[in-house]
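Single-structure report; data block below.
We did not get these values from a lab; they are worked out from the coordinates using the rules stated. Predicted model only: the values in this text are computed from it and were never measured. Don't worry about glycine lacking a Cβ; one is built from the backbone with ideal geometry, like all the others, and counts go over all protein chains shown.
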Amino acid sequence: MHTASPPTTVPPSRTAASRARRRAVLPGFGISAAITSLVITSLVIFPLTVLVLRAASLGPAGFLAAAWTPRARAAYAVSLGSSLAAAVISSLVGLLVAWVLVRLEFPGRRILDALVDVPLALPTAVAGLVYSTLYVEKGWLGQWLVPMGIRGAYSLLGIVLVLVFVSVPFAIRVVQPVIESLDKDTEEAARLLGASRSQTFFRVVLPGILPAVVTAFALSLARALGEYGSVVFISGNMPFKTEIAPVLIVSRLEEFAYAEATAIAVVLLGMSLSMLLVVNVLQQRLARNAQ
Amino acid sequence: MTSKPRDAATATSPLGLLLITGAVATVGLLIVAPLASVFVDAFSNGPQAWWEALAHDPDTRHAIWLSLTVAPIAVLINTIFGVAAAWLVARFRFPGRSLLVSLFDVPFSVSPVVAGLALVLIFGRQGLLGPTLASLAVKVIFAWPGLVLATTFVTLPLVARELIPVMEAIGPEEELAAVSLGASGWQVFWRVTLPNIRWALLHGIVLANARAMGEFGAVYVVSGHIAGATDTMPLRVEKLFQEYRTPASMAVASVLAALALLTLVAKVFIERQLEAESQELEAARATSADTDPTTGGDGS
């Protein structure tokens, strides 16, 4: 980006030999900087700037009129509410599964470890389709749950379920390495000094992994807020009830209501970028704690 | 998957067993049951019906072909970007570097729908470049270039994210040595860097390909959803579902799910290679630290 200032090669390890070589500069700064900034500028910065400028051109009053309609407000509420619920569930499930994977030895542990990544590879549309067929009245799970009054398809619960599905691998993979790095000796010392199992967990273990769990929560929330593919299948997309913000953007677009779609998209973009900022700060703190 | 691992009972406490059961049941219900039901539903009318749903529907055939075209192009762009970005970030220090790294993450956190809309605002008929493109008779939105752009955006950071930590762990010593021996930039890359990062690169490519094949939201917005023209496989799944042709929809979904499983198998294999290589690297570091007199002082 700043090609004017001379680049310096990363100082490798602190051996004498490398100290002598430090002045040597690797080639390829120019071309790698050119490719990187071209792609980032044209594909990320430019489109998002155009989006924001389009929304800004509506003026404050026009923007509010487009982005703050009752239907849009309901969609933000559904989006935020279901994403928050999914993020809470994902971070708790993430903690449980990560703990079991790291600390307990049992047959099939490696299979479980691999299965956790399924949602990263499975297209979200497939997930949405399958979830909706599982939880309808005649589905595998719906035939038991629907008579009990639990509707997992075409409901808020369905939205939360698929959002947990798409966000849970992120939660598990954030917490897992932190549990791995925990010092088992401290726990054993606490137990030897007479602390109960729950005291050890809440006083010794939890403070160590809490930052990771909070990061897992924020990452899950960020992932869930933007999700579209899976939700569109299972939610039923009823305005004011089960319509999330991304679905509302698409339906406004299909009505060629570009101004309204753009304004809602900017609100959603603001939420996503502030989540990204939170995640970045949290992860920096995590890295500092690890040192 | 929901059976209790009885063999572990001696090794773990009742609480341990309870936790294992909880984790296995949750993953089973949340992940395994949906995955299994795709295949069961897809083959519920026999393999014959499954095959016919895929091969005898021209729109589905076209969707498969389109996905197999769009995803590799997007992955190729991502690979070039990923390698360049990793080289830049892992090998050089420059002002704005950390800002650049956080920009890599933006496509992960922006809703795919928002990304698609931004592309429409640029390339669509009423978009910023719309009139220019129309005069050149180039179609981006509601055509395959739009699909490629949307897919590339969504999968952008995947290759770079895999390469950066691996390249930082390896360090620039070998490359600097090659340069000081007179190797050209490309020689360094092909002979030194690429062999060192090949598994990490493959890992990123496999993950990016899985995301690219499965992308829905961003592609949905830019494609216009035209059957037989701009429908990719995930979009075809949705259209068949909307037309109440759930068995056919499940058949297409089962192909995507099989691809996801294949991706995971490849991922596990690649991760084993990566682990072996990072252990080798550590072992090499340890031996060189032992023999290097300059680091002997703080060694033990």
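Listing for the model above:
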| item | result |
| --- | --- |
| Inter-chain Cβ neighbour average for residues A:99-112, partner chain, 10 Å | 6 |
| Segment A:260-280 versus segment B:126-184: alpha-carbon centroid distance in Å | 24 Å |
| Two-site label geometry, A:A290 and A:L192: point separation in nm, points 7 Å out along Cα→Cβ | 2.9 nm |
| Computed over segment A:144-210: relative contact order in percent, which uses C-alpha pairs under 8 Å that are six or more apart | 22 percent |
| Where labels lie 7 Å past Cα in the beta-carbon direction, separation of A:I111 and A:T69 in nm | 5.1 nm |
| Centroid-to-centroid separation of segment B:92-113 and segment B:18-56 [C-alpha atoms, Å] | 36 Å |
| Those aspartates and glutamates that a straight Cα-Cα span of less than 20 Å connects to A:K184, excepting residues fewer than 8 apart in one chain | A:E105 |
| Gap separating the Cα centres of segment B:206-244 and segment A:157-205, nearest whole Å | 37 Å |
| Kyte-Doolittle at least -1.0, axis length at least 24 Å by Cα - qualifying DSSP helices, chain B | B:58-91, B:194-214, B:246-291 |
| Helical segments meeting 24 Å axial Cα length and Kyte-Doolittle 1.0 threshold in chain A (DSSP H) | A:70-103, A:156-181, A:206-226, A:258-290 |
| Over chain A: Kirkwood hydrodynamic radius from C-alpha pairwise inverse distances, Å | 22.5 Å |
| Residues A:V88 and B:R93, FRET efficiency given R0 of 56 Å [Cβ-Cβ distance, rounded to 0.05] | 0.90 |
| Chain A, helix-only ellipticity at 222 nm - DSSP H runs n ≥ 4, -39,500 (n - 2.57), divided by all residues, nearest 500 | -22000 deg cm²/dmol |
| Cβ-Cβ FRET estimate between B:E280 and A:A61, R0 fixed at 51 Å, reported to 0.05 | 0.20 |
| Cα centre as origin, Lys/Arg/Asp/Glu Cβ charges: chain A dipole, Debye | 840 debye |
| Descending Cα extents along the principal axes, segment A:44-149, whole Å | 61, 39, 23 |
| Global geometry of the protein assembly as shown, whether rounded, prolate or oblate, following the gyration tensor of its Cα atoms and the 1.5 cut on a/c | oblate |
| B:F39 paired with B:Y244, simple spin-label distance in nm, labels 7 Å along Cα-to-beta-carbon | 3.1 nm |
| For B:F92, distant residues with modelled amide H under 5 Å away | A:V10 |
| Reciprocal mean inverse distance between Cα atoms of segment B:177-234 - Kirkwood radius, Å | 14.6 Å |
| Size-normalised alpha-carbon gyration radius of segment A:105-225, reference 2.2 N^0.38 Å | 1.37 |
| Exercise: per-residue mean of other protein chain Cβ atoms within 10 Å, A:34-46 | 6 |
| Protection proxy ranking, peptides A:280-286, A:241-247, average beta carbon neighbours within 10 Å, highest first | A:241-247, A:280-286 |
